[in-house]
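The values are calculated or read from the model by the stated rules, or taken from the named source; none is laboratory data. The shown structure was predicted, so the numbers you read here are calculated from the model rather than taken from an experiment. Here the Cβ is made from the backbone with ideal geometry for all residues, glycine too, and neighbour counts use every protein chain on show. For accessibility, only protein heavy atoms count, side chains too; no ligands or nucleic acids. Shrake-Rupley method; radii C 1.70, N 1.55, O 1.52, S 1.80 Å.
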Amino acid sequence: MLLLGIETSCDETAAAVLNLSGLGNRMRPKILSDLVASQEEIHLPYGGIVPELASRRHIEILQPLVEQALSKAKVGLTDLNAIAVTHAPGLVGSLLVGLSFAKSLALGLNIPFVGVSHLEGHLNAPFLENPGIPYPQIGLIVSGGHTALYFIKGFGDYRFLGGTRDDAAGEAFDKVAKLLGLGYPGGPVIDKIAREGDPTAIKLPRPKMPKYDFSFSGLKTAVKNLSHDAQRMTHDVCASFQETVADHLIEKTMLAAKNYRCRVVVITGGVACNSRLKAKLGEICRQTGRRLFVPSPRYCTDNAAMIAYTGGRYLLKGQSSPWSLNALANLDLNQVGGVV
Ligand code: KG4
Ligand code: ZN
């Protein structure tokens, strides 16, 4: 099955063409093309994403990007069997551009389309490179907009366990980098600088949250309070901050893995690119007889391949979306099975 995936939930426009074969957990994805056009430059002068500008940019570049994705995959429009598109959660204006485009194209080609949750896409991104990862899984999404922990019983069956009560993990990296004058996005810079620092140099408060919840804003304030006299030791600040974030994420993830008796842990989203988080969690999983799956960086961050893959799993089960499907700013993953 040849599938076009479209993702426009935030500030990246993405299109991918996948060839999918096999059923269920064994479905094999062959990624024929996978393109992401970043809008970073447009929003940079404003210090944050401007929703209207994001929508307008999607409308300008989605069609040429899809054309490029098809030509890179060496397929024509009429070769497509279906279209998968992110319909929630995200910026509504941005989502509407991708959703309307996908519906119109599918209608014109007389093929089915399927709406996919952006979060469900992230949780399934590990399958792109590792088909057949067994269930049940503990899944952690850590990005600039989300920090959420799930118990995943099977494909399409997600239970939200907890999330951040304030900033998302990636947001904390970005804000701390800004405080330290390191630029945007903060995660990759801190990751790099931390390599030359001592993670035990500065005692930062470890967030204390109930059960599976997270908090990062206290940590950011703690860094703010010391950054004044810490200019000389930015490496140590970065290393200590990163260590505390990683430990907080790992503590909750492992607690969930233990309580839900999961042998498989998956982490995804931009912060899952963090080298320290991956190394430490990988080691703990090894020690406790668990397997950790982390997508390559390009599939950790926003992309359309994960949307095409997830949509494909539904389509191959015989499910598609009605033409009336709307975009939603918020969508609880516990409900996704009923939406598609
Ligand atoms: O998933 P993503 O590309 O976009 C969404 O937010 O949906 O995630 C971006 C976030 C940014 O906050 C960025 O600072 C963070 O991921 N990030 C990292 C690393 N690479 C990206 N955070 C920590 N370490 C990294 N290596
Ligand atoms: Zn995302």
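Take 52-63, 162-173, 246-257 and order them by the average number of nearby Cβ atoms within 10 Å per residue, most first; the result is 162-173, 246-257, 52-63. Of all DSSP beta bridges confined to the stretch 135-294, the antiparallel ones make up roughly 55%. List every residue whose amide H lies under 5 Å from the amide H of Ser33, counting only residues 5 or more places away in sequence or on a different chain, with H placed 1.01 Å from N in the peptide plane. Residues meeting the criterion, in which the H sits 1.01 Å from N, are Val17. What the phi angles of the stretch 144-160 give under the Karplus curve with 6.51, -1.76 and 1.60, with θ = phi - 60°, is a coupling list of x, x, 9, 9, 8, 10, 10, 9, 10, 7, x, 4, x, 10, 10, 10, 6 Hz, glycine and proline written as x. Cα centroids of the stretch 73-92 and the stretch 177-216: 36 Å apart. Look at the alpha carbon pairs under 8 Å that are at least 6 residues apart: their mean separation over the length of the stretch 135-294 gives a relative contact order of 28 percent. Averaged over its residues, the stretch 208-267 has an accessible area of 44 Å² per residue, based on protein heavy atoms and a 1.4 Å probe. Computed with a 1.4 Å probe over protein heavy atoms only, the accessible surface of the stretch 63-149 comes to 32 Å² per residue. Could you tell me which of rounded, prolate or oblate describes the stretch 1-141, using a ≥ b ≥ c as the square roots of the eigenvalues of the alpha-carbon gyration tensor, with rounded for a/c under 1.5 and, failing that, prolate when a/b is larger than b/c and oblate otherwise? Oblate is the answer for the stretch 1-141, as a/c is 1.5 or above yet b/c matches or exceeds a/b. Its relative contact order, with pairs defined as Cα atoms under 8 Å and 6+ residues apart, puts the chain at 24 percent.
Compactness of the chain, taken as the C-alpha radius of gyration over 2.2 N^0.38 Å, stands at 0.99. Share of carbon and sulfur in the accessible area of the chain stands at 52%, probe radius 1.4 Å. Cα centroid separation, the stretch 1-49 to the stretch 265-340: 12 Å.
Bridges between two residues of the chain, per DSSP, are antiparallel at a rate of about 60%.
Looking at the stretch 298-340, the chymotrypsin sites (Phe, Trp or Tyr not before Pro) that sit in a DSSP loop and have at most 11 other Cβ atoms within 10 Å of their own Cβ are Trp323.
Taking one quarter of the surface of the convex hull spanned by the alpha-carbon atoms of the stretch 1-53 gives a direction-averaged projected area of 4.7 nm². Rounded, prolate or oblate: pick one for the stretch 135-294, where a ≥ b ≥ c are the square roots of the eigenvalues of its C-alpha gyration tensor, a/c under 1.5 means rounded, and failing that, prolate if a/b is larger than b/c, else oblate. Because a/c hits 1.5 or more and a/b exceeds b/c, the stretch 135-294 counts as prolate. Per-residue 3J(HN,Hα) values for the stretch 46-63, derived from phi via the Karplus relation 6.51 cos²θ - 1.76 cosθ + 1.60 with θ = phi - 60°, read 8, x, x, 6, 9, x, 5, 5, 4, 4, 4, 5, 4, 5, 6, 9, 5, 4 Hz in sequence order (x marks Gly and Pro).
For the chain, a crude dipole built from +1 on the beta carbon of Lys and Arg and -1 on the beta carbon of Asp and Glu, taken about the Cα centre, is about 1220 debye to the nearest 20. Computed from backbone phi, the HN-Hα couplings of the stretch 172-179 come to 5, 4, 5, 5, 5, 4, 5, 4 Hz, rounded to whole numbers (Karplus: 6.51 cos²θ - 1.76 cosθ + 1.60, θ = phi - 60°; Gly and Pro given as x).
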